[in-house]
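Okay, structure first, notes after.
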Amino acid sequence: RNPPFHPLLWSHAHTSTRRRPCRRSPHLSTPLSPCRLPALLRTATMLAQAGFHRALLSAVPRAFAPAARRAFGSPAHINGETNGEHAPEEEIRFLDMVQANFEKAAKLTDCAPGLLNQILQCNSVLRVQFPLRRDNGQVEVIRGYRAQHSHHVTPCKGGIRYAAVVDLQEVEALAALMTFKCAVVNIPFGGAKGGIAIDPKKYSLRELEAITRRYTIELRKHGFLGAGIDVPAPDVGTGPREMGWIKDTYATLYGMDDVFSDACVTGKPKSMAGIDGRTEATGLGVCYAVRSFLQNA
């Protein structure tokens, strides 16, 4: 009897069929074929039930998912009982959570499916990698991201976070939430979000400044920064200091062509065209929201 199919085996799929090592699975040197799929899935499922599913997340290309469903049935209830115990469930991705809640709300509207799909999708994403020479002389590759979820109104608006766990699906999810939040309160911005995958506590002041300034150049070079295009703001791990570096870099290199270069970012220090009240704005918003909730509960 075939073992139950594990949905994790296609959750992070690689769809290329060219004869080269799989990008997400360096142990596979040849592409997978549908005729090899059932045997592979049975082996992978047994290993997954034994707790090795993380190493096999990309073993099955997404293109073979329909064949997998035909061979093993629906992926529902995959975490079946094993020796009387339930296998631990994989934590759902942030982006999947946002999309699931959007689809739940979309069922309550009369919008056309094509329009809803357009609203859900992220319009533009950017992933950059650049070198940093550390204070100890070693070279480290830094990964940065920026997602512009919607251009239905411009500029796009959203923070930049510095955290070791930042990845592309996280900034896409946060950019989508920015779009929805702005739309709910009728603020004319599209949603955006960015981040750099570093722990800022592990970098010196010089290193953080170099990272921020290079990230700014990459954003501008690819059309992801500008007063009428995309305006970042502080987020987790960043603040007025980082926003000041962004504004200074942008104004110095591109200010001669943009009279509104000071408006390329918000959350700047007041000495660099910032405004009063920005520091406490987020906390004040929480206070107003809680007060309104309690008064109308």
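The values are calculated or read from the model by the stated rules, or taken from the named source; none is laboratory data. Only a predicted model underlies this, so the values are computations on that prediction, with no experimental measurement involved. Quick reminder, even Gly has a Cβ in these numbers, built from the backbone with ideal geometry, and neighbours come from all protein chains shown. Accessible surface areas use protein heavy atoms only, side chains included; no ligands, DNA or RNA. Shrake-Rupley method; radii C 1.70, N 1.55, O 1.52, S 1.80 Å.
In this structure, does T238 turn out to be in contact with a Ser or Thr (Cβ under 9 Å, 6 or more places away or on another chain), in contact (Cβ under 8 Å) with a residue 60 or more places away in the chain, surrounded by 20 or more Cβ atoms within 10 Å (Cβ to Cβ) and of a type in the set (S, T, N, Q)? Yes. Here the stretch 241-260 is the region considered, the condition is being buried (at least 20 other Cβ atoms within 10 Å of the Cβ) and either out of contact with any helix residue (DSSP H, G or I) (no Cβ under 6 Å at 6 or more places or on another chain) or of a type in the set (S, T, N, Q) (or both), and the residue that is nearest to L219 (Cα to Cα) is T249.
Figure legend. Inter-residue proximity from the stretch 162-184: first residues over 17 Å from D96 (Cα atoms) and modelled with pLDDT of 90 or more, second residues among the aromatic types (F, W, Y) and buried (at least 18 other Cβ atoms within 10 Å of the Cβ), beta-carbon distance below 7 Å, spacing 6+ or different chains. Indicated pairs: C182/F189. G237 passes every criterion in (1) modelled with pLDDT of 90 or more; (2) at negative phi apart from (2). Of all residues assigned to the stretch 269-282, none qualifies as being modelled with pLDDT of 90 or more and either out of contact with any Pro (no Cβ under 8 Å at 6 or more places or on another chain) or crowded, with 16+ Cβ neighbours inside 10 Å (or both). With respect to being without any contact (Cβ under 8 Å) to a residue 12 or more places away in the chain, open to solvent by 30 Å² or more (accessible area, probe 1.4 Å) and over 17 Å from the mean Cα position of the chain (by Cα), N101 falls outside the description.
Yes/no matrix, rows are residues, columns are (1) more than 18 Å from D230 (Cβ to Cβ); (2) polar (S, T, N, Q); (3) without any contact (Cβ under 8 Å) to a residue 60 or more places away in the chain; (4) not in a helix (DSSP H, G or I):
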site: K268; (1), (2), (3), (4): no, no, yes, yes
site: S271; (1), (2), (3), (4): yes, yes, yes, no
site: D276; (1), (2), (3), (4): yes, no, yes, yes
site: A281; (1), (2), (3), (4): yes, no, yes, no
site: G285; (1), (2), (3), (4): yes, no, yes, no
site: L294; (1), (2), (3), (4): yes, no, yes, no
site: A297; (1), (2), (3), (4): yes, no, yes, yes
